[in-house]
Amino acid sequence: MIDFAFLSYTFLKLSAALPVTLGLFISAFLCGGILAIGILSLRMSRWRVLSGFARGYILVFRGSPLMIQLFLIYYGLGQFGVIRHSFVWPFLREPFICAVLALSLCTAAYTAEILRGALLAVPAGQVEAGLACGMSRWLLLRRIIAPIMLRYALPAYSTEAILLVKSTALASLVTVWDVTGVAQQIIQRTYRTMEVFVCAAAIYLILNFIIVQLYALLERRLTPAHRVAKKPMPAVKPLAGE
Amino acid sequence: MSLLSFGADGWGRLILSAACTTLLLSLVALMIGAVVGSGVAAAKLSPQRWLRWLGEGYSVVFRGIPELLVIYLFYFGGSGLITLVGQMFGADGFIEAPPFLIGALAIGLISGSYQGEVYRAARLALAKGEVEAAVAIGMPRWRIAQRILLPQVVRYALPGMSNVWQMSLKDSALVSVTGIVELMRASQVAAGSTRDYFTFYLVGAACYLVLTLVSNHAFRRAESRLGRAWQSRTAAQH
């Protein structure tokens, strides 16, 4: 019943496209992260104009589908002669770069919100203690705020990373041959939907599983309390007479 | 600007009707997702181990693979299945599955995996004593569900539902690959025939943004309305 030869053929074909998916994910993850920090600093700015801009950015990129953002960049920007004749055109003509750009811009909006939530959760006492020790603003940010913020942001950030992996599938719509794109190609050629779907789903699930494990590892590393707690806590003896 | 007019040579009418299709599609998907999601939540909270595994497996699979892949599965696979059934009953040739239903089903099943999580969290947020009190005064199970669980779970789930709804709204853009003329597809058609890609995709994005903002507002209203009853009750307790 199950055609193992076809399954293994499909799996190999799809695995061959894995570097493209991974490339999309990693570059969008890094660019998006850096961009998110920029947006976060604008969002927390005291100047109305800057925080308003960041607010608008987050609203627009979270409020519209990634697919339309991607098409806007890939097909839309070519409408303007200025862009077609400028130095950026050789880059914007490449579907891969457009996909990375759209993914980064979109994930940056989500990540900025996650980071903001984490930043607001940093206990005020920690910051005050740092200031009381005479730390400079930069030192305070580096030693106190950033590590705590990162720790708080991790759970939501791992979810965002999974969403980003899933979003890379959209790149196949602008002719980037990632795992989903190749899967769709094989389905259209063979019409054996289920087998191809199972293989592609397995690849994505494995990828996501690895990412979740990496985040869990990082979370353990950043939580000293968990590391120490390996020794069993001494049981509290009930007081006599209770 | 004349391109967006509602006249014979404008695209306004198409885009407006497409926005309605998007809204309808997302609503149907949300309802399918609500049914699936409550099933998933019930399975995850069940005392039976295999049911818990089933619920867990469902949410891992549908939250872990790209939405586009699920839509392809249903679009190509669904048509194949219907063709197979058709051949059994003597029809020959390829029968295409109704794209709207296929799209709504795909988005709904994805939405269901997220809604399951929302309902589960909402159920767990409920104080244990409430159900125990209801059992103690001898309420039958279905009445506990109807009078105690449902009203409170809905209230707790509402903020999460707002997120899931927005997600479904945005996921519905992906259904355009099956050829349904919803907002994304309409923008594509208009952009392709006028060659004003940027303009029409921008208009499409703006429409999505409006839908998101309006539904956001509606959810906030609903939250404060449901929260009002809550507040007066807790105020009475103190």
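Readers should treat all values here as calculations from the given coordinates under stated rules, not as data from a laboratory. Bear in mind that the values here come from a model prediction, so they are computed numbers and not experimental data. As a convention, Cβ positions derive from the backbone with ideal geometry for all residues, glycine included, and neighbour counts pool all protein chains shown.
What net charge do the residues around B:TYR119 carry, taking every other residue with its C-beta under 15 Å from that of B:TYR119, with Lys and Arg at +1 and Asp and Glu at -1? List each step's numbers first, then the result.
Details: positive: B:LYS44, B:ARG52, B:ARG63, B:ARG120, B:ARG123, B:ARG155; negative: B:GLU56, B:GLU117.
Neighbourhood net charge equals +4.
Taking only pairs that are 8 or more places apart or on different chains, how many Lys pairs in the protein assembly as shown have Cα atoms under 25 angstrom apart?
On the way: A:LYS13/A:LYS166; A:LYS166/B:LYS44; A:LYS166/B:LYS170; B:LYS44/B:LYS128.
Lysine pairs satisfying the spacing and distance rule in the protein assembly as shown number 4.
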Can you classify chain A as rounded, prolate or oblate using the Cα gyration tensor, where a ≥ b ≥ c are the square roots of its eigenvalues, rounded means a/c under 1.5, and otherwise it's prolate if a/b beats b/c and oblate if not? oblate
Chain B, relative contact order [Cα under 8 Å, separation at least 6], %: 25 percent
Please state, as a whole number in µm²/s, the translational diffusion coefficient that the Stokes-Einstein equation yields for the protein assembly as shown at 37 °C and 0.692 mPa s, with Rh defined as the Kirkwood radius across alpha carbon pairs. 130 µm²/s
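Packing-wise, with mean Cβ within 10 Å as the measure, how do A:174-184, A:27-37 rank, highest first? Write out the running numbers ahead of the final one.
Details: A:174-184: 22.6, A:27-37: 18.9.
Averaged packing, sorted descending, gives the order A:174-184, A:27-37.
Relative contact order for chain A: what percent, with Cα pairs under 8 Å and sequence separation of 6 or more? Numbers along the way, then the final one.
Values: 209 pairs, mean separation 65.4, N = 242.
After rounding, I find 27 percent.
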Non-local residues with an amide H under 5 Å from the amide H of A:ALA17, with H modelled 1.01 Å from N and Pro and chain starts lacking one, are none
Hey, if you put +1 on the Cβ of every Lys and Arg and -1 on every Asp and Glu Cβ in the protein assembly as shown, which of A:TRP177, B:GLY33, B:ILE180 ends up farthest toward the positive end of that dipole? B:GLY33
Expected max-MSF residue from B:LEU14, B:LEU25, B:LEU169 in the GNM of chain B (alpha carbon, under 10 Å) is B:LEU14
Options A:TRP138, A:ILE58, B:PRO140, ranked by Cα towards positive dipole end of the protein assembly as shown, top entry (Cβ charges): A:TRP138
Got a sec to turn the phi values of the range B:101-106 into Karplus ³J(HN,Hα) couplings, 6.51 cos²θ - 1.76 cosθ + 1.60 with θ = phi - 60°, whole Hz, x for Gly and Pro? 5, 4, x, 4, 5, 4
Per residue of B:196-207, what is the mean number of Cβ atoms on other protein chains within 10 angstrom of that residue's Cβ? 6
Springs between alpha-carbon atoms under 10 Å, Gaussian network over chain B: tell me which of B:GLY192, B:GLY108, B:GLY12 tops the mean-square fluctuations. B:GLY192
Can you give me the Cα centroid spacing of the range B:59-108 and the range A:169-189 in angstrom? 17 Å
To the nearest whole number, what is the average tally of beta carbon atoms from other chains within 10 Å of the beta carbons of peptide A:190-203? 4
Dipole of the range B:18-183, Cα-centred, from +1 at each Lys and Arg C-beta and -1 at each Asp and Glu C-beta, to the nearest 20 debye? 860 debye
So the compactness index of the range B:18-183, its C-alpha Rg divided by 2.2 N^0.38 Å, takes the value 1.22
Take the alpha carbon gyration tensor of the range A:99-155, find the square roots of its eigenvalues, order them as a ≥ b ≥ c, and report rounded if a/c is under 1.5; if not, report prolate when a/b exceeds b/c, else oblate. prolate
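Give the shape of the range A:1-142 as rounded, prolate or oblate, defined through the alpha-carbon gyration tensor: a ≥ b ≥ c are the square roots of its eigenvalues, a/c under 1.5 means rounded, and otherwise the shape is prolate if a/b is larger than b/c and oblate if not.
Working: a/c = 2.78, a/b = 1.57, b/c = 1.77.
Oblate, because a/c is 1.5 or more while a/b does not exceed b/c.
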Taking chain A as a Gaussian network, Cα atoms linked when under 10 Å apart, which of A:ALA99, A:ALA156, A:ALA171 shows the biggest mean-square fluctuation? A:ALA156
Among B:GLY55, B:GLY103, B:TRP11, whose Cα projects farthest towards the positive end of the dipole of the range B:1-155, with charges put on the beta-carbon of Lys, Arg (+1) and Asp, Glu (-1)? B:GLY55
